[in-house]
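Contents: one structure, followed by commentary.
The values are calculated or read from the model by the stated rules, or taken from the named source; none is laboratory data. This one's a predicted model, so the numbers in the text were calculated from it and none came from an experiment. Ideal geometry is used to build each Cβ from the backbone, glycine not excepted, and the neighbour counts take in all protein chains shown.
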Amino acid sequence: MNTMILRVKKCGVMTTVQSEKSENGVLDKRTLVLQMLGGKYEDSFVVTALGSLATIEWTEGELVACSMSFRTREHNGQVYMDVIANEIQKIKR
């Protein structure tokens, strides 16, 4: 797990997906684009927020502390990387 201070570049729409791991069979999900601090061409991460983290509306330009997990999975011979937000907290300026 990595914890980093990042800037919210984009906040996607919250969706509800079917999940066998959830108690009620559905799970809230939101995709965020978080960018490292520095210039406008710094590295960015496409991060998936699940559950209660997905219900929070994030503002573009907002600073956050994000704890992320990096996971890989294989599907049809292709390897994909998922970046999952374990915890996100707003940083007050």
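Annotations
- Those strands (runs of 3 or more DSSP E) of the chain in which at least 3 residues are surrounded by 15 or more Cβ atoms within 10 Å (Cβ to Cβ), considering only elements entirely within it, cover 2-11, 26-36, 44-50, 63-75, 78-90.
- Taking (1) within 16 Å of Asn2 (Cα to Cα); (2) in contact (Cβ under 8 Å) with a residue 24 or more places away in the chain in turn, Leu53 satisfies each apart from (1).
- Among the residues of the stretch 8-59, those that are more than 14 Å from the chain's Cα centre (by Cα) and of a type in the set (A, V, I, L, M) comprise Val17, Val26, Leu27, Leu37.
- The set of residues in the stretch 60-80 being over 13 Å from the mean Cα position of the chain (by Cα) and farther than 17 Å from Val8 by Cβ consists of Thr72, Arg73, Glu74, His75, Asn76, Gly77, Gln78, Val79, Tyr80.
- Qualifying residue in the stretch 21-28 (condition: at pLDDT below 95 and under 20 Å from Lys90 (Cα atoms)): yes
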